[in-house]
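Below is one structure, written out as structure tokens; the observations come after it.
Nothing in this text is a laboratory measurement; each read-out follows from the coordinates by a stated rule. All of these numbers come straight from a predicted model, not from anything done at the bench. Heads up, the Cβs are rebuilt from the backbone with ideal geometry, glycines too, and the neighbour counts pull from every protein chain shown.
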Amino acid sequence: MSTSLHHRAIEHLGARIVAGQLPAGHVMLGEHLEEELRVSRSVVREAVRVLQSLGLVETIKRVGIRVLPASRWNPFDPLVIRWRLAGDGRGAQLRSLAELRAAVEPVAAELAAANAPAELRRELVETSHAMRDAGHAGDVPRFLELDIHFHSLLLTGSGNEMFANLVGQVAETLTGRTVHGLMPDRPGEAALQWHLDVADAIAAGDARMARESSDRIMRHTIAEMEPTWRDQPRVFVPLGRS
């Protein structure tokens, strides 16, 4: 099976579902998708399997492939996040992600100060200094790469495997903000310093300072991004959505 064909089929269908072009309840037939996408049945079958795992569709015997409502989607999956960030609901998705990070990352920083291995602490400090250099140089691709790595180290350094599993979501958030022009070409000096403060506090084992510095980063992020979601409604997921 061609990986590129498989990827194209997933992206084509997933992005259309998340954008609402294929609304909840819409039924697709496998043979029609084969013709539309010009791919084999095995490619369609595998693409549908992936979309099922994300909660976007379900297959019904003798009916077809039915699109599920947004309340059934997996909001933590990086693919769903990427598709949401590319659509009209970008602001609401950014708000949800920023609030999730604000709840988790300061605690992760506190835990990392208490638990992270020495090698990870050193790498975090090195990454924070490299971020400052890339930010001063206006090297956006390099800064994005380092920013993702910094926050990934922070989450994994907590020693909490559930926090560590948010690495993909944070990466999609930072990438999406950059791709869609929602990050400054040159980060503010205060934000760069706060990243240094987080790293230094974790390296020194200062849990309180690590948490406070991380909290400053997230509060600044929310204040900076708030205009993108100001008029977008919140999502209230019904209990027992599965």
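Values computed for the structure shown
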{"read-out": "Stokes-Einstein diffusion coefficient of the range 167-242, Kirkwood radius over Cα pairs, 20 °C, 1.002 mPa s, in µm²/s", "value": "145 µm²/s"}
{"read-out": "Simple spin-label estimate for Val235 and Gln193 in nanometres, 7 Å along Cα-Cβ", "value": "3.7 nm"}
{"read-out": "Within the chain, helix-based [θ] at 222 nm, where runs of 4 or more DSSP H residues each add -39,500 (n - 2.57), nearest 500", "value": "-22500 deg cm²/dmol"}
{"read-out": "Rel. contact order, % - alpha carbon contacts under 8 angstrom, at least six apart, the chain", "value": "22 percent"}
{"read-out": "Fewest-first sequence of Phe150, Phe143, Phe236 by Cβ atoms within 10 Å of each Cβ", "value": "Phe236, Phe150, Phe143"}
{"read-out": "Taking Glu172, Glu212, Glu31 and counting other C-beta atoms within 10 Å, the order from fewest to most", "value": "Glu31, Glu212, Glu172"}
{"read-out": "Amide proton proximity set for Val57, modelled H, under 5 Å, gap of 5+", "value": "Gln52, Leu68"}
{"read-out": "Exposure proxy order (Cβ contacts within 10 Å, fewest to most) of Glu110, Glu36", "value": "Glu36, Glu110"}
{"read-out": "Axial C-alpha extent at least 30 Å, average Kyte-Doolittle at least 0.0 - helices from the chain (DSSP)", "value": "90-115"}
{"read-out": "The range 1-159: Cα Rg divided by the 2.2 N^0.38 Å rule of thumb", "value": "1.34"}
{"read-out": "Listed residues Ile202, Ile65, Ile148, most fluctuating in the chain (Gaussian network, C-alpha, under 10 Å)", "value": "Ile65"}
{"read-out": "All-pairs Cα distance distribution in the range 3-72, expressed in whole percent, bin size 10 Å", "value": "22, 60, 18, 0"}
